[in-house]
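Any read-out appearing in this document is the output of simple, stated calculations on the displayed coordinates, not a laboratory observation. It should be emphasised that the depicted structure is a prediction, and the values quoted were computed from it without experimental measurement. Every residue, glycine among them, receives a Cβ derived from its backbone with ideal geometry; neighbour counts consider all protein chains shown.
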Amino acid sequence: MPRMRAMQVSEPGGDLELVERELPEPGRGEVLVRVQACGVCGGDSGIKDGHFPGVSYPRVPGHEIAGVVAALGDDASAWEVGERVGLGWFGGNCGYCRPCRHGELMSCENMGIPGITTDGGYADYVVARQNALASIPDELTAEEAAPLMCAGLTTYNALRHAGAYAGDLVAVLGVGGLGHLGVQFASKLGFDTVAIARGREKEPHARRLGARHYIDSTAADPAQELARLGGAKVILSTVTNSAAMAAVLGGLGVRGRLLVLGASMEPLQVPPAMLIPSGKSIAGHASGISGDSEDTLDFSVLAGVRPVVETRPLEQAREAYERMSNGEARFRMVLTTGA
């Protein structure tokens, strides 16, 4: 039986360990993907640390996947062997649950999440539903495409549906793995882009990425600075610190929106009276479906948006994960299989 390598977590809180497994076979409507690159995302901590109830172990993490179609299951006619494909948080929708019947595919009750409810991309191969896959343009390498399947998709999709128009003031809170892509997308979409981060060390890079303004939140009140610039139509929060989110709320302009992308269980302390004047609002945003992934990849090619990545071979997944979780990576860690 053919074998493959995988980096698995055997139990909640366990270490990533290199194992050999039997090569999986795609079922009906499924595709076997030969993984070339897989991004290391903060969302992987959910399986690493056991934050998702009901998940079975051992589990292979990874939901920022770029590779090629290796084999097709029965009725998987949407793809051909050898096509370049990507796979993100969206695991494919069932088509028959209530959310699906109302067009809310990201809320599908039977979606599944690669690397969480099914084995993911920290491996040589992964099985995916055919409707979860996105086509990767030739202009992107696998290492560039992988982080765009989650970090890129989440920031781009949030910004393009945020209700802001070209020329509006849009702020990106945090210039890290998500934020460095958010700054690029905001700038390329024509927004008057503000980057907000702690300290001055990220300012040169933020400006190279397209930020017109930079606010050091340790040296000035970010809300006051945004208000001085006229008030933000959108603040894209890519951090997980609720206090940092609360600190920028006063910088929203008329009908401004705080869009929360960074996952946190920490309560957000917001006086409700702050939201009523000028119709301010707070909203969360999930990533997107496979069509949104293709839009993200295509726009990245069109506009010249690229993630800044550090690569490690698959067997060094533990080191890559630690660099990501410790904030040492600049800005995305990507595992490569050598395929």
#### Entry: Local electrostatic count, Phe299, Cβ distance below 13 Å [Lys/Arg +1, Asp/Glu -1]
-2
### Task
Determine the percent antiparallel among the DSSP beta bridges restricted to the chain, to the nearest 5.
55 percent
### Message
Given points 7 Å out from each Cα along the Cα-Cβ axis, report the Glu11 to Arg28 separation in nanometres with one decimal.
### Response
3.8 nm
### Query
Shape call for the stretch 1-110 from the C-alpha gyration tensor, a ≥ b ≥ c root eigenvalues: rounded (a/c under 1.5), prolate (a/b greater than b/c) or oblate?
oblate
### Task
May I ask which residue of Leu209, Gln224, Pro58 lies farthest towards the positive end of the charge dipole of the chain, with charges of +1 (Lys, Arg) and -1 (Asp, Glu) on Cβ and the Cα centre as origin?
Gln224
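In nm, what is the difference between 0.36 nm times the number of residues separating Met1 and Arg200 and their Cα-Cα distance? Intermediate results must be reported in sequence, preceding the final value.
Working: separation 199, 0.36 × 199 = 71.64 nm, distance 5.49 nm.
Stretched out fully, the Met1 to Arg200 stretch lengthens by 66.1 nm.
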### Query
Relative to the first principal axis of the alpha-carbon coordinates of the chain, what is the inclination of helix 179-188, with its axis defined by its Cα atoms, in degrees from 0 to 90 and to the nearest 10?
70 degrees
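List the relative contact order of the stretch 221-339 as a percent without decimals, with contacts defined as Cα pairs under 8 Å and 6+ residues apart. Display every interim value, and only then the final one.
Details: 160 pairs, mean separation 21.8, N = 119.
Relative contact order here is 18 percent.
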### Query
If each of His161 and Thr218 carries a label point 7 Å out from its Cα toward its Cβ, how far apart are those two points in nm?
3.6 nm
### Summary
Extension length gain for Glu319 and Glu80 (0.36 nm per residue less Cα distance), in nm, is 82.6 nm
### Message
If you average the alpha carbon positions of the stretch 245-298 and of the stretch 135-194, how far apart do those two centres end up, in angstrom?
### Response
15 Å
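Considering only the stretch 65-223, what is the antiparallel percent among its DSSP beta bridges, to the nearest 5? Show your work: numbers first, answer last.
On the way: 6 of 16 bridges.
The antiparallel proportion sits near 40 percent.
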